[in-house]
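Participant: Take a look at this one; I'll ask things after.
The values are calculated or read from the model by the stated rules, or taken from the named source; none is laboratory data. What you see is a predicted model, and the numbers here were worked out from it, not measured in a lab. Every residue, glycine as well, gets a Cβ built from its backbone with ideal geometry; the counts of neighbours run over all protein chains shown.
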Protein chains: 4
Amino acid sequence: MDYQELISEVYQEVNELDLRGKVADYIPELTKVSRNRFGIALIDLEGKVYGVGDYQVPFSIQSISKVFTLTMVFHKFRSKLWSRVNVEPSGNPFNSIAQLEYEKGVPRNPFVNPGALVITDALTSKFENPTQSIRDYIDELAGQHCVRINEEVMQSELQHAERNTAMAYFLKAYKNFDNDIPEVIRTYVYQCSIEMCCEELAKAFSYLANDGYSIFAKREILNESQSRRVNALMLTCGFYDESGEFAFRVGLPGKSGVGGGVAAIMPGKFSIAVWSPELNEKGNSVKAIKALELLTDKLKFSLF
Amino acid sequence: MDYQELISEVYQEVNELDLRGKVADYIPELTKVSRNRFGIALIDLEGKVYGVGDYQVPFSIQSISKVFTLTMVFHKFRSKLWSRVNVEPSGNPFNSIAQLEYEKGVPRNPFVNPGALVITDALTSKFENPTQSIRDYIDELAGQHCVRINEEVMQSELQHAERNTAMAYFLKAYKNFDNDIPEVIRTYVYQCSIEMCCEELAKAFSYLANDGYSIFAKREILNESQSRRVNALMLTCGFYDESGEFAFRVGLPGKSGVGGGVAAIMPGKFSIAVWSPELNEKGNSVKAIKALELLTDKLKFSLF
Amino acid sequence: MDYQELISEVYQEVNELDLRGKVADYIPELTKVSRNRFGIALIDLEGKVYGVGDYQVPFSIQSISKVFTLTMVFHKFRSKLWSRVNVEPSGNPFNSIAQLEYEKGVPRNPFVNPGALVITDALTSKFENPTQSIRDYIDELAGQHCVRINEEVMQSELQHAERNTAMAYFLKAYKNFDNDIPEVIRTYVYQCSIEMCCEELAKAFSYLANDGYSIFAKREILNESQSRRVNALMLTCGFYDESGEFAFRVGLPGKSGVGGGVAAIMPGKFSIAVWSPELNEKGNSVKAIKALELLTDKLKFSLF
Amino acid sequence: MDYQELISEVYQEVNELDLRGKVADYIPELTKVSRNRFGIALIDLEGKVYGVGDYQVPFSIQSISKVFTLTMVFHKFRSKLWSRVNVEPSGNPFNSIAQLEYEKGVPRNPFVNPGALVITDALTSKFENPTQSIRDYIDELAGQHCVRINEEVMQSELQHAERNTAMAYFLKAYKNFDNDIPEVIRTYVYQCSIEMCCEELAKAFSYLANDGYSIFAKREILNESQSRRVNALMLTCGFYDESGEFAFRVGLPGKSGVGGGVAAIMPGKFSIAVWSPELNEKGNSVKAIKALELLTDKLKFSLF
């Protein structure tokens, strides 16, 4: 399999389809990105990089960061973590608070917003300097200094954090939140404001394609069983209320962000990151999803 | 890998755990089964059978039959099917009608009850004698006459069919139901009343482990892409509102039934059926799920 | 208080406002009514009739009939009735099935569709010939033969009865439905297909303004306490999910129907019926509601 | 009608029934009240006081205070207020956040917690010193200095304010909240921590029985139309998700609080306050509700 040829073909075919969506506008800063950006980076398990298009242009990773913080926290708390957050798909938008009420303060999974807030809260309990720890962790996973913070995005998100703050208070009302709410919200917003390019992101995801061992960090990040579980979570919950559709059409564990990025892995084969800012109505990048669908069609393999 | 040793170990370890649940009682006939039944059958892609415990004792397959009718209908309607039923996990109990109302008569997926009713309705539109067709189809998949109908279960389910009948009328109100409701309900109940043993069930599922080609029917049942999509659906939706948990703990595509059976596949490797009647509160067999979890732990591989 | 002058003023002022809505189209027959129809009839407790506009033109009373069947059943079952149906406002559309699921088969109140189906089922248990009994009962309340059935409306509603049939099966699944479902549905559709004019309707509602005694039937229909309770139910639940708004703006107990009619009462003073076919988005007649609001404004009294 | 005899009879009959409930325990301070407290005060429109039992013992009025703040705000904003909060019964518990999400940040009515928070926010926009203004306003309505703050209750509620704080942030996310959240929460908790006795409360509610004119304040508090509307709101929404039941059984506009108090009015006749700390599962005082039911039975009149 010539991965370079594969992603180049996919890149070209997607471009020819002229798919359109809508750049995220829930914070003003995100709308400033050119809607025509499109890049793909694939990294095999020897660390070889294949790239096409804007694969070295940094973008706001947003919710993709939740995979990194989940990994940090899962490693510390192990299975005890699952008393605070479930592992079921949500069937509701990522920022829904109704479900949290019906399920008495235990979020459906670590990728819906209330779940990610619980993860960030747990992280705050274990790491002295949470924001620096997140930055260092991701840099280590990618094997290089790569984490940048977009200060404008961060300020903008902090100014529009009412809904997440409401969720944090709601979690606290159910005794599922331990730390100072404004501090955790800041850390949460910090991680969402990270910018990375496709290449860096694919490198940082590599351990999940490799049973938990990172060839860039040169160490076991999670054990085999944990690594498989993170992948299972990404497959069932990684794309908001479109996760079933993504599993159905693409069949790879992955995580999307409203910045238009998607990171995914094929276990035992490769990690991949795709970026294009225009989103469908579920908040997932239209081009990135199409690219991954074409890719697994061409590969003639997926998980299944 | 010695599969016989593997399942024997799993069988013994599960038995030692003394897991308890509750035999399904929503119809009286199901409670008559001995709660201690427990069997495992695994079939590799050469058709070799490995079995332990009650793996040749027939049981009520119930919702596992939905995979067969979905396959029949998917093959006929191809992607047109997905305008009538979605592919998203539900997050709600399998027989919830509320979600159907919120989503205006398009069921979440083919495995929740309203989704399965749509599938049976579609099947009724394409097959002259639906019940005979289902029976013949499964026999062919298993490569042997094996389908029996438990008449007591069928009569009992027909007498308790109000909720499913309500769903069918509700679907019809949304113009997502074409055929005579009592007839479709009878076919639906018929398929749920099928009895098979683990060995037969594992054989009948074999095509899903083999990119759609059945070594027992000796023909392509679904093409590769379709077969992978059925597997994706089983992974995200096959275990009611415990699908995420099953993906997380086991990581294999599968489908459970309230008779206590679970059929699952490892793509490119094997199909497996496990049966034990005691259910957890989500309606899934406690022993069968534990057995599959131990099995993937021992195998050191899953999808992920 | 000169009631004739009052309703004439109201009639004229409403006409000048040129309020527009949408004639009910959920069954084709209802759309055939002229959208400009508008009539008001008020009956004082001596039985004096005041009328203006189309107050003697029959129209489809639809859900207003639920007050009559509730009265019949309440009289027979007394407080035992309330184990089968609650008396709380719904906050949901009248034909929602989700709430019925959350509340395990006990409808919110007798005026939402599932509640009215329970009432019609209870009526079927107590009256040999339910449809004839309903007809005779209303005729007696109005003191004259006045009940007509619109056969086209009835046939049309029977052909679109899937949603109500679904609810009946759902109620049966919760063991809150005793009789043959198609028979009860026929009776339910029959009562909704009754045509009466404003004058007849106001007469038939008179007992509710008079502590349960009908001056037209010349007998006690309900005792004081029961009559007050029906009024309380109309106030809190009589206008679907706009009941609060009606209590707030008008402040009289009443019941609306999608045929555009509203019947209401002022305890100790009068009963009133208003009809105009154009509905707001909640299913209530825009002109009828405005007319009653102006009327209570001019009267300088309401319940409150 | 001899009101003193009436309430004495009611008091005795209720006591004989030995009704039991559960004292509110959501904040520790509330549990310190003796569960046997029981008092009734009725004030006619000449200001004559009739009292029985513990009618001069102060208690925590809790949500009854929402009627006073609604009145303050309604008088200032008039009908513009209703773009920020609806007037429909909720059908959900008073502190549910799910409904707020479904209805995009517009609370169902001013008495559910999010609605009351909007009212307190609106009050904060119009009154310089909100807490002092509330105190002065109620004192004026009662015609005497009577408002006391229970500091222990206030501190306790402030320490358990996460859920209300969550709602405030959620409202802010929907741009339905203008002021500083901690400040508004403090004012909200302040008003809930007010202590008054039945006599004072009945006096303070008197204007609502008198078309908006307070004989104690000696001025019009609300105009006739506004006063009737507040009464309509109390009737449809004053008792949480038991409002329909209260209208059905009692038939008077009123408001309850989890301190065990209920204030109600009979238009044109009297205002009444009843207090007993034991609550039913909906959060309403079991004895107070029973007392008001007996009272309207004996009076042979209610609104209806």
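Participant: Against the conditions (1) closer than 21 Å to A:Leu30 by Cβ; (2) buried (at least 24 other Cβ atoms within 10 Å of the Cβ); (3) not basic (Lys, Arg), where does A:Met154 fall short? Just the number, please.
Facilitator: A:Met154 satisfies every listed condition except (2).
Participant: Regarding C:Phe77, is this residue surrounded by 18 or more Cβ atoms within 10 Å (Cβ to Cβ), within 25 Å of C:Cys192 (Cβ to Cβ) and either within 14 Å of chain B (Cβ to nearest Cβ) or of a type outside the set (Lys, Arg) (or both)?
Facilitator: no
Participant: A further question on this structure: Can you tell me which condition D:Tyr102 does not meet? The list is (1) of a type outside the set (Asp, Glu); (2) farther than 22 Å from D:Asp178 by Cβ; (3) touching a residue at least 60 places away in the same chain (Cβ under 8 Å), and all the others hold.
Facilitator: Only one criterion in (1) of a type outside the set (Asp, Glu); (2) farther than 22 Å from D:Asp178 by Cβ; (3) touching a residue at least 60 places away in the same chain (Cβ under 8 Å) is unmet by D:Tyr102, namely (3).
Participant: Something else about it: Name the residues in region C:7-32 that are closer than 29 Å to C:Asp44 by Cα and surrounded by 19 or more Cβ atoms within 10 Å (Cβ to Cβ), would you?
Facilitator: Correct list: C:Ile7, C:Val10, C:Tyr11, C:Val14.
Participant: Taking the stated definitions as given, is C:Phe177 touching a residue at least 40 places away in the same chain (Cβ under 8 Å), surrounded by 23 or more Cβ atoms within 10 Å (Cβ to Cβ) and outside any helix (DSSP H, G or I)?
Facilitator: Criteria met by C:Phe177.
Participant: Now a separate question. Within region D:285-301, which residues are touching a Gly at 6+ places or on another chain (Cβ under 9 Å) and more than 12 Å from chain C (Cβ to nearest Cβ)?
Facilitator: Across region D:285-301, the qualifying residues are D:Ser285, D:Val286, D:Lys287, D:Ala288, D:Leu292.
Participant: Related question: Please specify each residue of region A:88-123 satisfying the condition of being touching an Asp or Glu at 6+ places or on another chain (Cβ under 7 Å), buried (at least 24 other Cβ atoms within 10 Å of the Cβ), in a helix (DSSP H, G or I) and at pLDDT below 95.
Facilitator: Selection gives nothing.
Participant: Does D:Ser271 meet the test of being among the polar types (S, T, N, Q), touching a helix residue (DSSP H, G or I) at 6+ places or on another chain (Cβ under 7 Å) and assigned to a strand (DSSP E or B)?
Facilitator: Spelling it out, D:Ser271 is indeed among the polar types (S, T, N, Q), touching a helix residue (DSSP H, G or I) at 6+ places or on another chain (Cβ under 7 Å) and assigned to a strand (DSSP E or B).
Participant: Out of curiosity, is C:Asn150 within 25 Å of C:Phe205 (Cα to Cα), in contact with a Cys (Cβ under 7 Å, 6 or more places away or on another chain) and in contact (Cβ under 8 Å) with a residue 60 or more places away in the chain?
Facilitator: no
Participant: On the basis of being modelled with pLDDT under 95 and farther than 23 Å from D:Asn86 by Cα, does C:Ser225 make the cut?
Facilitator: The answer is yes for C:Ser225.
Participant: Just name the residue that is surrounded by the most Cβ atoms within 10 Å (Cβ to Cβ) out of those in region C:185-217 that are part of a loop (DSSP other than H, G, I, E, B) and touching a residue at least 60 places away in the same chain (Cβ under 8 Å).
Facilitator: Within region C:185-217, the match that is surrounded by the most Cβ atoms within 10 Å (Cβ to Cβ) is C:Ser193.
Participant: Separate question: Given the criteria buried (at least 17 other Cβ atoms within 10 Å of the Cβ), part of a loop (DSSP other than H, G, I, E, B) and free of Cβ contacts under 8 Å to residues at least 40 places away in the same chain, does C:Val85 qualify?
Facilitator: yes
Participant: Also, quick follow-up: May I ask you to say which residue of C:Ala273, C:Ala247, C:Ala264, C:Ala232 is within 11 Å of chain D (Cβ to nearest Cβ), closer than 24 Å to C:Tyr188 by Cα and among the hydrophobic types (A, V, I, L, M, F, W, C)?
Facilitator: C:Ala232
Participant: Further question: Of all residues in region A:121-137, which are small (Gly, Ala, Ser) and within 21 Å of A:Met167 (Cβ to Cβ)?
Facilitator: Hits for region A:121-137 are A:Ala122, A:Ser125.
Participant: If you don't mind, there's one more thing I want to ask. Any chance region D:195-209 includes a residue that's within 11 Å of chain C (Cβ to nearest Cβ) and either more than 16 Å from the chain's Cα centre (by Cα) or at pLDDT 95 or above (or both)?
Facilitator: Within region D:195-209 (the criterion being within 11 Å of chain C (Cβ to nearest Cβ) and either more than 16 Å from the chain's Cα centre (by Cα) or at pLDDT 95 or above (or both)), the answer is yes, since at least one residue qualifies.
Participant: Give the residues of region B:49-64 that are closer than 18 Å to B:Leu279 by Cα, of a type in the set (Ser, Thr, Tyr) and out of contact with any Asp or Glu (no Cβ under 7 Å at 6 or more places or on another chain), sorted by residue number.
Facilitator: The one that is closer than 18 Å to B:Leu279 by Cα, of a type in the set (Ser, Thr, Tyr) and out of contact with any Asp or Glu (no Cβ under 7 Å at 6 or more places or on another chain): B:Ser63.
Participant: Could you tell me which numbered condition C:Glu242 fails, if it satisfies all but one of (1) more than 9 Å from chain D (Cβ to nearest Cβ); (2) part of a helix (DSSP H, G or I)?
Facilitator: Here C:Glu242 meets the rest and fails (1).
Participant: Something else about it: Would you check if A:Glu220 is surrounded by fewer than 24 Cβ atoms within 10 Å (Cβ to Cβ) and either away from chain B (no Cβ under 12 Å) or among the polar types (S, T, N, Q) (or both)?
Facilitator: So A:Glu220 passes the test.
Participant: Same structure, new question: When you go through A:Ala247, A:Ala264 one by one, which is the residue that is more than 20 Å from A:Met1 (Cβ to Cβ) and in contact with a Ser or Thr (Cβ under 8 Å, 6 or more places away or on another chain)?
Facilitator: A:Ala247
Participant: If D:Arg35 satisfies all but one of (1) touching a strand residue (DSSP E or B) at 6+ places or on another chain (Cβ under 7 Å); (2) not in a loop (DSSP other than H, G, I, E, B), what's the number of the condition it fails?
Facilitator: Exception for D:Arg35: condition (2).
Participant: Take the residues of region B:138-172 that are within 13 Å of chain C (Cβ to nearest Cβ) and not in a helix (DSSP H, G or I): which is nearest to B:Val67 (Cα to Cα)?
Facilitator: Across region B:138-172, the extreme among qualifying residues is B:Ala161.
Participant: Additional query: Applying the selection to region B:256-295, what residues are at pLDDT 95 or above and among the basic types (Lys, Arg)?
Facilitator: Of everything in region B:256-295, those that are at pLDDT 95 or above and among the basic types (Lys, Arg) turn out to be B:Lys269, B:Lys287, B:Lys290.
Participant: Would you point out the residue of region D:283-299, among those that are among the charged types (D, E, K, R) and farther than 15 Å from D:Ala247 by Cα, that is surrounded by the most Cβ atoms within 10 Å (Cβ to Cβ)?
Facilitator: The qualifying residue surrounded by the most Cβ atoms within 10 Å (Cβ to Cβ) is D:Lys287.
Participant: Which of the residues that make up region D:38-64 are polar (S, T, N, Q) and not in a strand (DSSP E or B)?
Facilitator: Residues satisfying the conditions are D:Gln56, D:Gln62, D:Ser63.
Participant: Among the candidates B:Val73, B:Val14, B:Val67, single out the residue that is farther than 16 Å from B:Trp275 by Cβ and either part of a helix (DSSP H, G or I) or modelled with pLDDT under 95 (or both).
Facilitator: Every option except B:Val73 fails the conditions.
Participant: Just to be sure before I move on: is A:Glu278 in contact (Cβ under 8 Å) with a residue 60 or more places away in the chain, more than 14 Å from every other protein chain (Cβ to nearest Cβ) and surrounded by fewer than 21 Cβ atoms within 10 Å (Cβ to Cβ) in the structure I sent?
Facilitator: Judged against the criteria, A:Glu278 is a match.
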